[in-house]
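The values are calculated or read from the model by the stated rules, or taken from the named source; none is laboratory data. In this text, all values refer to a predicted model and were calculated from it rather than measured experimentally. Every residue, glycine among them, receives a Cβ derived from its backbone with ideal geometry; neighbour counts consider all protein chains shown.
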Amino acid sequence: MVTANALNEESLRRLPKVALHDHLDGSLRVRTVVELAAEVGYAGLPTTNIEELTEWFHQDKPTNSLETYLQAFGHTIAVLQEPDALRRAIFESVEDLKNDGVVYGEVRFAPELLVRGAMDLVKVFDVAQAAFADASAEFGITVNMIVCALRNHDNSLLVAQEVVKRKGGNIVGFDLAGPERGWPASLHREALALLRDARVPYTLHAGEGDGVSSIEDAIACGASRIGHGVRIADDISVDGVMYTLGPRAEAVRATGILLEVCPTSNLNTQMYPDLSSHPVDILFRAGFAVSINTDNRLMSRTSITAEWSRLAETFGWGSNEFLATTVAGLRAAFCDEVERDRLLAEVVVPGFRG
Ligand SMILES: [Zn+2]
């Protein structure tokens, strides 16, 4: 095992990683956004200068708000409405994950947002499934798909039905994305029941835009994992390095449910002023199942390597923590058990032994 001090960015990049919370429309390359905008005749970008647009997309400024965040997605979604554009974005996303050291990934997006051009919902599913399969073969890593429906739209049942129809391929799970507050997972009970009956697992965004009750709601709705979930820390009192779990945090920890933690994204949405105030270290030490993720690589200008590097710097994390969070992620991955065991025994553990 290498010590934290020996972990520079390059050695971190080489370690095997699992990416479970990664939005396709939040992870495009800036140059690709500009080129696709020109191809499809989308004139809405704030600038077509790559450097300026890179800076614009980066949601780390005090002036950033939910509004600019949503505008940023408005641009990426606008350029993904054609089959070739969607295919290109998926290929580049898989290539970028591979270059980050990812050995297994699950990338998510909402098909219902991509039907303003030549594709209908079924076509979006067809194009994306083929592209993820081809890109996985080309880059030699498995990247599966999680299909999102939006909490504030009413398509979740339709989307869930399509997911169930395609069960067994590279669509491995489902998610509810979009605004949490006012749109609890329980509003989508029918879609979730259908998935549960068909044994399609789902992860639900919770405990990001809303508090502990949203996490409890997601668990009550049958979620297998929680997207973010960090606000469970609202029920943990901290005094220096000591912490005490309240009954609600205890109950969530007892379920063993995986929290897909995305530290930089949480700083960008102003949940915490800096990484040292972020609860990721406490949650990990307190025994929650934690995996480290990027959320939106474009808007947060990040990668898992970059997240690890910041965790090493801020909390002194080293290969023990990175291995533990990678294994926790893999155990909760939505791929089949055979693949999970093979990756663990043949790729992840040997990769950390170096
Ligand atoms: Zn997310």
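Here is a yes/no grid of residues against (1) free of Cβ contacts under 8 Å to residues at least 12 places away in the same chain; (2) over 25 Å from V347 (Cα atoms); (3) more than 16 Å from the ligand (Cβ to nearest atom); (4) within 16 Å of the chain's Cα centre (by Cα):
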{"residue": "V143", "(1), (2), (3), (4)": "no, no, yes, yes"}
{"residue": "D154", "(1), (2), (3), (4)": "yes, yes, yes, no"}
{"residue": "V163", "(1), (2), (3), (4)": "no, yes, yes, no"}
{"residue": "F174", "(1), (2), (3), (4)": "no, yes, no, yes"}
{"residue": "G178", "(1), (2), (3), (4)": "no, yes, no, yes"}
{"residue": "V200", "(1), (2), (3), (4)": "no, yes, yes, no"}
{"residue": "G211", "(1), (2), (3), (4)": "no, yes, yes, no"}
Single match in L267, L275, L259 (criterion: surrounded by fewer than 23 Cβ atoms within 10 Å (Cβ to Cβ), over 25 Å from I90 (Cβ atoms) and within 16 Å of the ligand (Cβ to nearest atom)): L267
I236 meets each of (1) touching a Phe, Trp or Tyr at 6+ places or on another chain (Cβ under 8 Å); (2) under 30 Å from Q161 (Cβ atoms) with one exception, condition (2)
Which numbered condition I146 fails, given (1) crowded, with 19+ Cβ neighbours inside 10 Å; (2) out of contact with any strand residue (DSSP E or B) (no Cβ under 8 Å at 6 or more places or on another chain): (2)
Taking the condition of being over 20 Å from the mean Cα position of the chain (by Cα), among the polar types (S, T, N, Q) and either within 16 Å of the ligand (Cβ to nearest atom) or at pLDDT 95 or above (or both), how many residues in the range 15-63 meet it? 5
The one condition N293 fails out of (1) touching a Cys at 6+ places or on another chain (Cβ under 8 Å); (2) surrounded by fewer than 16 Cβ atoms within 10 Å (Cβ to Cβ) is (2)
Given the criterion part of a helix (DSSP H, G or I), more than 16 Å from the ligand (Cβ to nearest atom) and in contact with a strand residue (DSSP E or B) (Cβ under 8 Å, 6 or more places away or on another chain), identify the matching residue among R253, R248. R253
Quick one: which helices (runs of 4 or more DSSP H) sit completely within the range 4-97 and have at least 1 residues that are out of contact with any Phe, Trp or Tyr (no Cβ under 6 Å at 6 or more places or on another chain) and over 30 Å from G318 (Cβ atoms)? 30-40, 50-57, 66-78
Sort out which residues of the range 206-241 are at pLDDT 95 or above, of a type in the set (V, I, T) and touching a Ser or Thr at 6+ places or on another chain (Cβ under 9 Å), and write them in order of number. I219, I226, I236
Scope the range 108-131; condition aliphatic (A, V, I, L, M), away from the ligand (no atom under 16 Å from the Cβ) and modelled with pLDDT of 95 or more; matching residues: L114, V115, M119, L121, V122, V124, V127, A128, A130, A131
Looking at A306 and the list (1) over 18 Å from S224 (Cα atoms); (2) among the aliphatic types (A, V, I, L, M); (3) under 20 Å from the mean Cα position of the chain (by Cα); (4) buried (at least 20 other Cβ atoms within 10 Å of the Cβ), which single condition is not satisfied? (4)
Within the range 293-312, can you find the residues that are assigned to a helix (DSSP H, G or I) and either hydroxyl-bearing (S, T, Y) or within 11 Å of the ligand (Cβ to nearest atom) (or both)? T305, S309
Residue that is nearest to I292 (Cα to Cα) [pool: residues in the range 313-326 that are of a type in the set (A, V, I, L, M, F, W, C) and buried (at least 18 other Cβ atoms within 10 Å of the Cβ)]: F322
